[in-house]
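All of the numbers you see were taken from the coordinates with simple rules; none came from a lab. Keep in mind the model is a prediction, meaning the values are calculated, not measured. No Cβ is skipped: glycine too gets one built from the backbone with ideal geometry, and neighbour counts run over all protein chains shown.
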Amino acid sequence: MVGTQWGDEGKGKFTDLLAKEMSMVVRYQGGHNAGHTLVVDGETFALQLVPSGALYDHIVPVIGNGVVVDPFVLLAEIDMLSRRGIDCSRLRVSGNAHLILPYHQQLDALHERHLGKSKLGTTKRGIGPAYADKAMRLGVRVQDLLDEMIFREKLRATLSHHNKVLTKIFNRLPVDPDALADKVLSECLEPLAPHIADTADLIHDALEAGQHVLLEGAQATFLDLDHGTYPFVTSSNPTAGGACTGAGVGPRHIDRVIGIAKAYVTRVGAGPFPTELFDADGDRLVDIGREFGTNTGRRRRPGWFDAVMLRHAVRLNSLTELAITKLDVLDTFDTVKVCVAYEIDGVRTEKLPYHQSDVHRAVPIYEELPGWRADLTAATEPRHLPSEAHAYLELIEQQVGVPVSMVSTGPGRSQFLNLTS
Ligand code: GDP
Ligand code: IMO
Ligand code: MG
């Protein structure tokens, strides 16, 4: 399951929904920059690191090797879930996943401050610095916690580098590696140790036993480090290929690639956004859709559905189908719009431009349809949707080239229609 836009499409909701039919749900990239919301029986859960299948007793939730894990945040989340009656004892965390430690967060904030007006608007969770350490071979992994000597040695090595940056470039105090090791080991080792595992092995055992495994993406296609609107991206690969590397399964095992798309678009943080709205329609999307970050509380930037981006997302991820969320947010609009092409310097194009500067200048060309002006929040079957809503979904299907298999019409687990049955 992958996000097809700039995040917050409703991946958490659909993961929770589909987990009913699964045995295992695996997060494969990102970290606690994610905020995945589940609403079950009126109760809201906002998950950052624990996979969104965790609410079911039959699911083994897995944090794969591609994720960056802040051990303090993970333990706080396990604690929060346990206090709310969710048993997290089955949760497994890859020993190969890299740790986010407090200096990563400090560096993230300092880099953003340093960029000034050019800042990316990161979540300041230390995601970029942790993945940078991984690529630099300076990272500390979850499995290192299990060997005190190695953990202390690795912290000393990585901090001998970072302390130079902190003191000489940013004029900050150095971090004492042994004091940090004491804190992490005393607070995190005992509660985390039972969860640490070779998760690729667990996933393959499940597959060989004929079980179904759902790989839950965080962030989204256009926040992908390689395929997104660089540098306004995250530091991992949320696209479908990232699911293979971040979980340790080859592409032959992937049967379905479900793209999650909002019925409109939102984006948090800086970067190009061709269909962005700065008018009353945008304000209505934010108000009705409650478009404020699950995690950081920031107002999300709103815009109309962009089929040009989605066509590209279909290719990048080999999507087999789309699930459209938040269709109900458009319930009161007199007309609804889908961007079908861009105009760049007077020339029409149906493709997402390769050059990023062209994306900044792209002017959307819209197809406008009449709204349905009806409350969809109780719709559970295709026949409950007015013809105008069907027309909107058909336009998306026709533009994007893959079927819309599922639609969500509210945050609750039961607010959902299957269009294939
Ligand atoms: P994720 O990061 O992709 O999991 O998405 P988020 O949880 O950050 O943001 C999606 C928000 O929309 C959450 O508050 C969900 O509860 C909510 N949501 C999900 N699906 C629907 C829907 O169909 N309609 C409405 N109105 N809200 C939805
Ligand atoms: P979910 O999984 C929306 C955005 C940030 C910023 C950029 C880089 O809930 O969809 P980072 O902290 O990752 O280095 O920030 O990416 N971003 C998200 N936007 N949803 C998310 O996750 C996001 N995770 C990161 O706002 O623009
Ligand atoms: Mg989110």
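Taking amide hydrogens as placed 1.01 Å from N in the peptide plane, the amide H of T325 sits under 5 Å from those of A261, K262, A263, S408, each at least 5 positions away in sequence or on another chain. Of the chymotrypsin sites (Phe, Trp or Tyr not before Pro) found in the stretch 230-278, those that fall in a DSSP loop while having at most 16 other beta-carbon atoms within 10 Å are F278.
Sorted largest first, the spans of the alpha carbon positions of the stretch 23-116 along the three principal axes are 45, 31, 19 Å. Applying both filters, DSSP loop and at most 10 other Cβ atoms within 10 Å, to the trypsin sites (Lys or Arg not before Pro) of the stretch 26-131 gives R84.
Per residue, the average separation of C-alpha pairs within less than 8 Å and at least 6 apart gives the stretch 138-220 a relative contact order of 24 percent. For K164, a cut-off of 21 angstrom between C-alpha atoms picks up these lysines, skipping any fewer than 8 places away in its own chain: K124, K134, K154. Extension gain, E388 to E153, is 78.3 nm, computed as 0.36 nm per intervening residue step minus the present C-alpha separation. Over all distinct Cα pairs, what is the inverse of the mean 1/r for the stretch 278-421, reported as the Kirkwood hydrodynamic radius in Å? Kirkwood radius, the stretch 278-421: 16.3 Å. Comparing Y392, V329, G30 along the charge dipole axis of the chain, the residue lying farthest to the positive side is G30, per the Cβ-charge model. Each other residue within a Cβ distance under 12 Å of L316 adds +1 if Lys or Arg and -1 if Asp or Glu, for a net charge of 0.
A simple spin-label model places the labels of I365 and F72 5.3 nm from each other, with each point 7 Å out along Cα-to-Cβ. Figure legend: label point modelled 7 angstrom from the Cα of T332 along Cα→Cβ; residues of the stretch 278-303 with amide N under 15 Å from it are 280-291. The relative contact order of the chain, computed from alpha carbon pairs under 8 Å that lie at least 6 residues apart in sequence, is 18 percent.
Take the Cα radius of gyration of the stretch 1-57 and divide it by 2.2 N^0.38 Å, N being the number of residues; the result is 1.05. When the alpha carbon gyration tensor of the chain is reduced to an equivalent ellipsoid, the three semi-axes, largest first, read 37, 26, 18 Å. Length, then width, then depth: along the principal axes, the Cα atoms of the stretch 119-212 run 55, 34, 21 Å. Taking 7 Å steps out from each Cα toward its Cβ at V165 and R137 produces label points 1.8 nm apart. Summary of the geometry: the stretch 69-97 and the stretch 177-200, compared by the centres of their Cα atoms, lie 12 Å apart.
Each stretch of four or more DSSP H residues adds -39500 (n - 2.57); spread over every residue of the chain, this sum gives -9000 deg cm²/dmol at 222 nm. Under 17 Å of direct C-alpha separation, and excluding same-chain neighbours fewer than eight residues apart, K20 reaches these lysines: K11. Among F333, F222, sorting on how many other beta-carbon atoms sit within 10 Å of each Cβ, with the fewest leading, yields F333, F222.
Subtracting the Cα-Cα distance of H114 and T44 from 0.36 nm times their residue separation leaves 21.6 nm of extension gain.
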